[in-house]
1. Express in nm, to one decimal, how much length is gained between R15 and S2 on full extension, taking 0.36 nm for each residue of separation and deducting their alpha carbon distance.
2. For V269 and T189, what does the FRET efficiency come to when R0 = 35 Å and r is the distance between their Cβ atoms, rounded to the nearest 0.05?
3. Can you list the residues, at least 5 places off or on another chain, whose amide H is less than 5 Å from the amide H of I179, using H built in the peptide plane?
4. What shape does segment 200-240 take by its C-alpha gyration tensor, where a ≥ b ≥ c are the square roots of the eigenvalues and a/c under 1.5 counts as rounded, a/b above b/c as prolate, and the rest as oblate?
5. At most 12 other Cβ atoms within 10 Å and a DSSP loop assignment: could you name the GluC sites (Glu not before Pro) in segment 156-248 that fit?
6. Ignoring ligands, DNA and RNA, please state the percent of accessible area on segment 192-237 from carbon and sulfur, probe 1.4 Å.
7. Starting at the first residue of segment 182-194, write each ³J(HN,Hα) from the Karplus equation 6.51 cos²θ - 1.76 cosθ + 1.60 with θ = phi - 60°, in whole Hz, x for Gly and Pro.
8. With a ≥ b ≥ c the root eigenvalues of the C-alpha gyration tensor of segment 160-286, is it rounded (a/c under 1.5), prolate (a/b larger than b/c) or oblate?
Amino acid sequence: MSSRGNKIFLRGEERKIRTAERLIRELVQISHGAPFLTPEDIRSAIRSAPEADDVSLKDLFLDTIAVASKRRFIIPKTATQRSYVETIRSHDIVIGIGPAGTGKTYLAMAMAINAFLKKQVSRIVLARPAIEAGEKLGFLPGDMYEKVNPYLRPLYDALYDMMEVEKAEKLIERGVIEIAPLAFMRGRTLNDSFIILDEAQNTTSEQMKMYLTRLGFNSKTVITGDVTQIDLPQGKSSGLVEIVRILDGVKGISFVFFSEKDVVRHKLVQEIIKAYEKHEKRNPEG
(Lines give C-alpha, C1' and ligand atoms only; values in the text may rest on other atoms or scores of the structure.)
Protein backbone atom coordinates (compact mmCIF):
# COMPACT_ATOMS: atom_id res chain seq x y z
CA MET A 1 0.00 0.00 0.00
CA SER A 2 1.21 3.51 -0.80
CA SER A 3 -0.39 6.93 -1.00
CA ARG A 4 0.06 10.13 -3.01
CA GLY A 5 -2.04 13.13 -2.13
CA ASN A 6 -5.60 11.92 -1.75
CA LYS A 7 -5.02 8.65 -3.65
CA ILE A 8 -4.21 5.23 -2.17
CA PHE A 9 -2.54 2.53 -4.31
CA LEU A 10 -2.89 -1.18 -3.50
CA ARG A 11 -0.89 -4.05 -4.97
CA GLY A 12 -1.25 -7.78 -4.28
CA GLU A 13 -3.63 -10.70 -4.68
CA GLU A 14 -6.97 -9.65 -6.15
CA ARG A 15 -9.01 -11.07 -3.27
CA LYS A 16 -6.89 -9.31 -0.65
CA ILE A 17 -6.99 -6.05 -2.62
CA ARG A 18 -10.81 -6.21 -2.67
CA THR A 19 -10.87 -6.75 1.10
CA ALA A 20 -8.45 -3.86 1.71
CA GLU A 21 -10.37 -1.54 -0.61
CA ARG A 22 -13.67 -2.31 1.13
CA LEU A 23 -12.04 -1.76 4.52
CA ILE A 24 -10.58 1.63 3.52
CA ARG A 25 -13.83 2.85 1.96
CA GLU A 26 -15.87 1.85 5.00
CA LEU A 27 -13.37 3.39 7.44
CA VAL A 28 -13.61 6.68 5.51
CA GLN A 29 -17.41 6.59 5.85
CA ILE A 30 -17.15 5.69 9.54
CA SER A 31 -14.72 8.54 10.24
CA HIS A 32 -17.29 11.06 8.98
CA GLY A 33 -19.96 9.79 11.38
CA ALA A 34 -17.63 8.76 14.20
CA PRO A 35 -14.61 11.07 14.46
CA PHE A 36 -13.68 9.38 17.77
CA LEU A 37 -11.98 6.42 16.00
CA THR A 38 -8.65 5.50 17.63
CA PRO A 39 -5.66 3.55 16.25
CA GLU A 40 -6.91 0.54 18.27
CA ASP A 41 -10.31 0.84 16.52
CA ILE A 42 -8.49 0.67 13.17
CA ARG A 43 -6.55 -2.42 14.29
CA SER A 44 -9.83 -4.06 15.40
CA ALA A 45 -11.36 -3.29 12.00
CA ILE A 46 -8.38 -4.85 10.21
CA ARG A 47 -8.66 -7.99 12.38
CA SER A 48 -12.41 -8.22 11.64
CA ALA A 49 -12.11 -7.64 7.89
CA PRO A 50 -10.96 -11.12 6.74
CA GLU A 51 -13.86 -12.86 8.53
CA ALA A 52 -16.49 -10.18 7.99
CA ASP A 53 -17.31 -10.25 4.27
CA ASP A 54 -21.00 -10.37 5.15
CA VAL A 55 -20.68 -7.76 7.93
CA SER A 56 -20.54 -4.04 7.25
CA LEU A 57 -17.80 -2.40 9.32
CA LYS A 58 -19.89 0.75 9.20
CA ASP A 59 -22.73 -1.08 10.92
CA LEU A 60 -20.25 -2.62 13.35
CA PHE A 61 -18.71 0.65 14.51
CA LEU A 62 -21.82 2.81 14.41
CA ASP A 63 -23.89 0.29 16.42
CA THR A 64 -23.30 2.26 19.61
CA ILE A 65 -24.57 1.65 23.15
CA ALA A 66 -25.50 4.83 25.02
CA VAL A 67 -24.21 5.05 28.63
CA ALA A 68 -24.29 7.72 31.32
CA SER A 69 -20.73 9.05 31.17
CA LYS A 70 -18.64 11.63 29.37
CA ARG A 71 -17.70 8.82 26.98
CA ARG A 72 -21.47 8.54 26.19
CA PHE A 73 -21.18 5.62 23.78
CA ILE A 74 -19.65 2.14 23.89
CA ILE A 75 -18.86 0.56 20.51
CA PRO A 76 -18.62 -3.19 19.74
CA LYS A 77 -15.22 -3.60 18.06
CA THR A 78 -15.51 -7.02 16.37
CA ALA A 79 -18.14 -9.08 14.56
CA THR A 80 -18.45 -11.40 17.60
CA GLN A 81 -18.90 -8.44 19.96
CA ARG A 82 -21.65 -7.07 17.73
CA SER A 83 -23.36 -10.47 17.64
CA TYR A 84 -23.07 -10.59 21.45
CA VAL A 85 -24.78 -7.20 21.82
CA GLU A 86 -27.56 -8.18 19.42
CA THR A 87 -28.03 -11.49 21.27
CA ILE A 88 -28.35 -9.65 24.61
CA ARG A 89 -31.03 -7.44 23.05
CA SER A 90 -33.04 -10.44 21.84
CA HIS A 91 -32.56 -13.05 24.61
CA ASP A 92 -33.27 -13.08 28.35
CA ILE A 93 -30.36 -15.41 29.21
CA VAL A 94 -27.03 -15.00 27.38
CA ILE A 95 -23.81 -16.82 28.23
CA GLY A 96 -20.60 -15.22 26.93
CA ILE A 97 -17.54 -17.50 27.04
CA GLY A 98 -14.03 -16.55 25.97
CA PRO A 99 -10.58 -15.33 26.98
CA ALA A 100 -9.73 -12.24 28.99
CA GLY A 101 -9.97 -8.89 27.23
CA THR A 102 -12.74 -9.80 24.77
CA GLY A 103 -15.25 -7.36 26.29
CA LYS A 104 -17.66 -9.97 27.69
CA THR A 105 -18.36 -8.21 30.99
CA TYR A 106 -17.70 -4.68 29.73
CA LEU A 107 -20.32 -4.90 26.96
CA ALA A 108 -22.78 -6.63 29.30
CA MET A 109 -22.34 -3.73 31.74
CA ALA A 110 -22.94 -1.23 28.92
CA MET A 111 -26.14 -3.04 27.94
CA ALA A 112 -27.30 -3.10 31.58
CA ILE A 113 -26.78 0.67 31.99
CA ASN A 114 -28.44 1.29 28.62
CA ALA A 115 -31.48 -0.80 29.65
CA PHE A 116 -31.68 1.12 32.94
CA LEU A 117 -31.47 4.52 31.19
CA LYS A 118 -34.25 3.45 28.81
CA LYS A 119 -36.34 2.35 31.85
CA GLN A 120 -36.51 -1.20 30.52
CA VAL A 121 -35.43 -2.40 33.99
CA SER A 122 -35.60 -0.73 37.40
CA ARG A 123 -32.29 -1.98 38.78
CA ILE A 124 -28.95 -3.56 37.95
CA VAL A 125 -27.47 -6.46 39.92
CA LEU A 126 -23.80 -7.39 39.45
CA ALA A 127 -22.56 -10.64 41.00
CA ARG A 128 -19.27 -12.49 41.17
CA PRO A 129 -18.13 -15.63 43.03
CA ALA A 130 -15.64 -14.74 45.78
CA ILE A 131 -12.85 -17.11 44.72
CA GLU A 132 -9.16 -16.33 45.15
CA ALA A 133 -7.38 -16.31 41.78
CA GLY A 134 -4.52 -18.69 42.54
CA GLU A 135 -3.29 -16.91 45.65
CA LYS A 136 -4.20 -16.88 49.34
CA LEU A 137 -5.27 -13.47 50.59
CA GLY A 138 -5.35 -14.53 54.23
CA PHE A 139 -7.36 -12.69 56.87
CA LEU A 140 -9.15 -9.59 55.60
CA PRO A 141 -10.24 -6.97 58.17
CA GLY A 142 -13.62 -5.20 58.24
CA ASP A 143 -17.27 -6.16 57.91
CA MET A 144 -18.68 -8.58 55.31
CA TYR A 145 -18.81 -5.98 52.50
CA GLU A 146 -15.24 -4.86 53.18
CA LYS A 147 -14.04 -8.47 53.12
CA VAL A 148 -15.59 -9.28 49.73
CA ASN A 149 -14.95 -5.86 48.13
CA PRO A 150 -11.56 -6.86 46.60
CA TYR A 151 -13.27 -9.65 44.66
CA LEU A 152 -15.87 -7.22 43.27
CA ARG A 153 -13.44 -4.44 42.33
CA PRO A 154 -13.42 -5.25 38.57
CA LEU A 155 -17.19 -4.72 38.45
CA TYR A 156 -16.84 -1.32 40.14
CA ASP A 157 -14.10 -0.39 37.65
CA ALA A 158 -16.33 -1.18 34.66
CA LEU A 159 -19.30 0.64 36.22
CA TYR A 160 -17.30 3.82 36.96
CA ASP A 161 -15.97 3.79 33.38
CA MET A 162 -19.53 4.14 32.07
CA MET A 163 -21.24 6.23 34.71
CA GLU A 164 -20.07 9.24 36.75
CA VAL A 165 -18.76 8.00 40.10
CA GLU A 166 -21.04 10.30 42.13
CA LYS A 167 -24.16 9.16 40.25
CA ALA A 168 -23.15 5.49 40.48
CA GLU A 169 -22.51 5.74 44.23
CA LYS A 170 -25.92 7.35 44.82
CA LEU A 171 -27.61 4.54 42.89
CA ILE A 172 -25.61 1.96 44.90
CA GLU A 173 -26.67 3.64 48.18
CA ARG A 174 -30.32 3.46 47.10
CA GLY A 175 -29.96 -0.20 46.09
CA VAL A 176 -30.78 0.56 42.45
CA ILE A 177 -27.36 -0.82 41.51
CA GLU A 178 -26.24 -3.75 43.63
CA ILE A 179 -22.76 -5.26 43.50
CA ALA A 180 -22.55 -8.42 45.58
CA PRO A 181 -20.86 -11.81 45.87
CA LEU A 182 -22.80 -14.67 44.32
CA ALA A 183 -23.62 -16.17 47.73
CA PHE A 184 -25.87 -13.14 48.43
CA MET A 185 -28.22 -14.26 45.61
CA ARG A 186 -29.49 -17.34 47.47
CA GLY A 187 -33.19 -17.29 48.34
CA ARG A 188 -33.99 -14.22 46.25
CA THR A 189 -36.21 -13.65 43.21
CA LEU A 190 -34.97 -10.80 41.01
CA ASN A 191 -37.79 -9.07 39.11
CA ASP A 192 -37.45 -6.13 36.70
CA SER A 193 -33.66 -6.43 36.82
CA PHE A 194 -30.63 -6.70 34.56
CA ILE A 195 -28.30 -9.19 36.27
CA ILE A 196 -24.69 -9.91 35.33
CA LEU A 197 -22.75 -12.88 36.69
CA ASP A 198 -19.04 -12.33 36.09
CA GLU A 199 -16.22 -14.93 36.40
CA ALA A 200 -18.85 -17.68 36.14
CA GLN A 201 -16.18 -20.32 35.51
CA ASN A 202 -15.60 -20.18 39.29
CA THR A 203 -19.16 -21.18 40.20
CA THR A 204 -19.88 -24.71 41.36
CA SER A 205 -22.69 -26.76 39.83
CA GLU A 206 -24.94 -25.95 42.80
CA GLN A 207 -24.19 -22.22 42.66
CA MET A 208 -24.93 -22.03 38.93
CA LYS A 209 -28.28 -23.81 39.34
CA MET A 210 -29.13 -21.52 42.27
CA TYR A 211 -28.22 -18.43 40.24
CA LEU A 212 -30.18 -19.40 37.12
CA THR A 213 -33.33 -19.97 39.17
CA ARG A 214 -33.21 -16.44 40.67
CA LEU A 215 -34.46 -14.86 37.43
CA GLY A 216 -37.85 -13.18 37.88
CA PHE A 217 -40.38 -11.41 35.67
CA ASN A 218 -39.14 -8.78 33.17
CA SER A 219 -35.53 -9.66 33.97
CA LYS A 220 -32.50 -10.41 31.85
CA THR A 221 -29.19 -12.00 32.77
CA VAL A 222 -25.78 -12.19 31.12
CA ILE A 223 -23.32 -14.81 32.39
CA THR A 224 -19.66 -14.36 31.50
CA GLY A 225 -16.56 -16.45 32.04
CA ASP A 226 -13.34 -17.94 30.73
CA VAL A 227 -13.24 -21.74 30.99
CA THR A 228 -9.42 -21.68 30.76
CA GLN A 229 -9.10 -19.78 34.06
CA ILE A 230 -10.93 -21.93 36.61
CA ASP A 231 -9.80 -21.30 40.21
CA LEU A 232 -12.08 -23.81 41.95
CA PRO A 233 -10.56 -26.33 44.38
CA GLN A 234 -9.47 -29.61 42.83
CA GLY A 235 -12.37 -32.01 42.47
CA LYS A 236 -15.01 -29.27 42.08
CA SER A 237 -16.58 -29.04 38.61
CA SER A 238 -17.30 -25.64 37.04
CA GLY A 239 -20.96 -24.68 36.72
CA LEU A 240 -20.12 -22.73 33.55
CA VAL A 241 -18.57 -25.76 31.86
CA GLU A 242 -21.62 -27.85 32.81
CA ILE A 243 -24.27 -25.48 31.46
CA VAL A 244 -22.68 -25.54 28.00
CA ARG A 245 -23.83 -29.17 27.88
CA ILE A 246 -27.01 -28.90 29.97
CA LEU A 247 -28.58 -25.79 28.41
CA ASP A 248 -27.44 -26.21 24.82
CA GLY A 249 -30.51 -26.02 22.60
CA VAL A 250 -32.85 -24.56 25.23
CA LYS A 251 -35.04 -21.96 23.51
CA GLY A 252 -34.52 -18.42 24.84
CA ILE A 253 -30.97 -19.14 26.05
CA SER A 254 -28.05 -18.26 23.78
CA PHE A 255 -24.30 -18.91 23.96
CA VAL A 256 -21.73 -16.56 22.40
CA PHE A 257 -18.15 -17.82 22.11
CA PHE A 258 -15.25 -15.35 21.84
CA SER A 259 -11.70 -16.06 20.63
CA GLU A 260 -8.35 -14.30 20.80
CA LYS A 261 -9.39 -12.38 17.66
CA ASP A 262 -11.89 -10.49 19.82
CA VAL A 263 -9.33 -9.25 22.36
CA VAL A 264 -9.57 -5.46 22.60
CA ARG A 265 -6.93 -4.81 25.26
CA HIS A 266 -3.28 -4.02 24.54
CA LYS A 267 -2.24 -5.74 21.28
CA LEU A 268 0.22 -7.96 23.19
CA VAL A 269 -2.65 -9.50 25.21
CA GLN A 270 -3.83 -11.27 22.05
CA GLU A 271 -0.34 -12.69 21.47
CA ILE A 272 -0.09 -13.80 25.13
CA ILE A 273 -3.41 -15.69 24.87
CA LYS A 274 -2.30 -17.42 21.67
CA ALA A 275 1.04 -18.38 23.26
CA TYR A 276 -0.71 -19.91 26.30
CA GLU A 277 -3.12 -21.85 24.04
CA LYS A 278 -0.17 -23.33 22.14
CA HIS A 279 1.58 -24.22 25.39
CA GLU A 280 -1.54 -25.92 26.81
CA LYS A 281 -2.01 -27.97 23.62
CA ARG A 282 1.59 -29.18 23.88
CA ASN A 283 1.26 -29.89 27.61
CA PRO A 284 -2.34 -31.08 28.20
CA GLU A 285 -1.47 -32.61 31.59
CA GLY A 286 -0.08 -29.28 32.83
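The values are calculated or read from the model by the stated rules, or taken from the named source; none is laboratory data. It should be emphasised that the depicted structure is a prediction, and the values quoted were computed from it without experimental measurement. As a convention, Cβ positions derive from the backbone with ideal geometry for all residues, glycine included, and neighbour counts pool all protein chains shown. Note: areas computed on protein heavy atoms with side chains; ligands, DNA, RNA excluded. Shrake-Rupley method; radii C 1.70, N 1.55, O 1.52, S 1.80 Å.
1. Numbers: separation 13, 0.36 × 13 = 4.68 nm, distance 1.80 nm.
That works out to 2.9 nm of additional length.
2. 0.35
3. L126
4. Values: a/c = 4.98, a/b = 1.91, b/c = 2.60.
In terms of gyration-tensor shape, oblate.
5. Working: sites: E164, E166, E169, E173, E178, E199, E206, E242; in loops: E164, E199.
Here the sparse-neighbourhood loop sites are E164.
6. Numbers: 1040 of 2030 Å².
Within segment 192-237, the accessible surface is 51 percent carbon and sulfur.
7. 4, 4, 6, 7, 4, x, 9, 10, 9, 9, 6, 10, 10
8. Working: a/c = 2.02, a/b = 1.37, b/c = 1.48.
Note, shape of segment 160-286 comes out oblate.
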